[in-house]
Amino acid sequence: MDEDMMREAADDKLINDAFQHLLDSYLSSRHRKKVDIITKAYNFARQAHKGVRRLSGEPYIMHPIAVAQIACEEVGLGSTSICAALLHDVVEDTDYTTEDIENIFGPKIAQIVDGLTKISGGIFGEQASAQAENFKKLLLTMSEDIRVILIKICDRLHNMRTLESQPANKQYKIAGETLYIYAPLANRLGLNKVKTELENLSFQYEHPEEYASIKEKLASTHAQRHELFDEFTVPIEVELQKMGIHYEIKERVKSPYSIWSKMQNKHVTFDEIYDILAVRIIFTPNNREDEINECFKIYVAISKIYKSHPDRLRDWLSHPKANGYQALHVTLMSKQGRWIEVQIRSDRMDEIAEQGFAAHWKYKDGDDDEYTEDEAELNEWLRTIKEILDDPQPDAMDFLDAIKLNLFASEIFVFTPKGEIKTMPAGCTALDFAFTIHTFLGSHCIGAKVNHKLVPLSHKLQSGDQVEILTSKSQHVQPSWINFVSTAKAKAKIQAILRRNSRDQQKQGEEMFTEFCKKNNIDNIQAAADQLTEFHESRSRDDFYQSLADKTILLGEKDLDELQGKEAGKKGWRRLVPFLGRDKKKKEGAAEQPELFVVPEKFNRKKPIFITDDNITQYKFKHCCHPIPGDDVLGFIDGRHQIEIHKRACPVAAKLKASFGNRILDAKWDMHKKLFFDATIRIQGIDRVGMLLDISQIISSQMSVNIHRLTITSEDGMFDGSVELRVHDRDDVKEIMTNLRKIEDLKDVTQIM
């Protein structure tokens, strides 16, 4: 048997085994058994993708089978969804059309496949925000059938699981997009397991060293955590058995991504995170109608064993989260002096927490994976998105941000004057509430009565507030409103109204500029406008015109000088050169502005760029994240074909990865400790004589590092301060922090920049 035949036989076995595993998973589910149509879809897809391989080298058909497997086993979908998952790439990648799919498999499967094709397809210009546009399509389609988005998330999960075959710049693009769009979407649909895996996979590719470090720390603390879990749960188990409850107790360990996020946001070390371990009590109720009462009975019983934290009781039983999540969370003090969170939920609640809305289908007598009013909350959310889409926005990035506000929101419950309950995101204001009820109410809102007391528009609402909106016909939307609303709907409506108002001003500004140009004999008005837009650092020509109309920019001599080139030497991008100079060799050429590297047309974007001591001035270092050597970084090709350097975890970079993925580059440091960079460390501890001396000795004497500025404030025996240093790279910062932690009475050392 020759090599090709052997390879073909091995491929056949691989494919057949994968499909058999899919059928076995489907047959063991609670769905009606429509094996014939699944087999038909598999045979059709296998024939359509015949001979095609993925980047990893495996036959292409393995991808649709894997997506169908995830849809079936991990999301709990039925035959319609499994068929659509098997066929999801056929229309996009082969000569078959949606009509062909409809003729063979019927309208429902064809509609879902068409939705999936619309999301993936589409040709976008260089400047267009491709992912944000895709996302718009995705949301529009998902209003037709929620299964489209569920399968798209399964597709993304499999792509993330097989990401190692992609080049590094593609990995950052796909991982960034996943964190920015798909993980929050999975969370909003209640797919907790999927969300966690998407986050961890993204984290693993974007920050491999931090990921490995946290995994190692979790492994090394496993035994001690398990011992704590056993000691803590023994008395609980005794009590539950006495009560005659059928239960299971699980150990929930925080995911590496969640741990890392908390370390970044709270500026703490791994050892300072107290909630790595949580305990989950999952019980089977004797009576489904009574499961909420049983949750509270368990809570009462265990709070007699351990003292509960008064501020950390979270009740999502009576008012589930918008993604369907129901549970009772209580934090108890263990005998070892550690707070431990206990999550109490029924088996039904647990399944919905892990599988989301799809799990609802298991608890009702519907047709195969059809859904009904159980998704009322979800449909409400889709309706909000539809309203946002009604006002098409010029900037797709704004759209993404607006949707993300809705995805991430944790909820509060607010009442109307008539006692109707409304779910709102935490941190929302009276003005948000007004726009939620009606656009007219929002745009003419002058204030509100919260619990019968008069409050301003910007008043933040709390759960349980009763809100009455006060309006006046003379009130109109103000630009400042955008700063204190937080809901996507309110932001979108305010922007739409302001845009309508600003068009008149822009027209007025344009007329003023045309007049100025005619008066000073300037011919090319549009080019002149663009030049002054850049000169005044306005975001766009329209913004420049608007600034002219509202008198925030006044045209004068300096503008004429700029247009006539008298200040050419001062023109250009004001950039932050991140280092202080090459020791003392910086006298003669100090005034020269280094040339920025311009990306040529045939530039290989798959290869990494190396930032060296010699070429560092050719790249733009933006103020948003202040990267220094040793940070995980990436490059981004901007509109002028120059390269910006960002930290991979920078929020600006997150948007760029999600929206301009084809312009992301892998960037690596190749520095040799010649240059200096700014870094700031925060220190806190007990104030004592000699503390300042100890700190400066460690930094200056031991490590020969130059302290640029040291600021310390002391109050009631405690001090809080920051040290600005000149360092070569991130390793210097880590070493300094390690040595500072050894100082007696210095309790907390964190890195700011």
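The values are calculated or read from the model by the stated rules, or taken from the named source; none is laboratory data. Since the structure is predicted, the reported quantities are computational estimates derived from the model, not experimental observations. All Cβ positions, even for glycine, are placed from backbone atoms using ideal geometry, and neighbour counts span all protein chains on display. Keep in mind that these areas ignore ligands, DNA and RNA; they rest on the heavy atoms of the full protein, side chains included. Shrake-Rupley method; radii C 1.70, N 1.55, O 1.52, S 1.80 Å.
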How far is the Cα center of the range 2-70 from the Cα center of the range 460-507, in Å?
-> 52
Roughly what would the spin-label model give for Thr711 and Phe610, points 7 Å off Cα along C-beta, in nm?
-> 3.9
Pair Leu441, Lys507: separation of 7 Å Cα→Cβ label points (nm) = 3.3
Which residues does a label at Ser213 reach in the range 733-751, if reach means a backbone N under 19 Å from a point 7 Å past the Cα toward the Cβ?
-> 733-743, 748-751
Projected label distance in nm at Met6 and Asp100, using a 7 Å step from Cα toward the beta-carbon | 3.5
Here the FRET efficiency for Arg500 versus Asn662, based on Cβ atoms and R0 = 41 Å and rounded to 0.05, is 0.75
Determine the per residue accessible area of the range 15-74 with all protein chains present and a 1.4 angstrom probe, expressed in square angstrom.
-> 49
Among the listed pairs Lys668/Lys734; Lys304/Lys747; Lys193/Lys215; Lys262/Lys460; Lys242/Lys262, those beyond 29 Å (Cα-Cα) = Lys304/Lys747; Lys242/Lys262
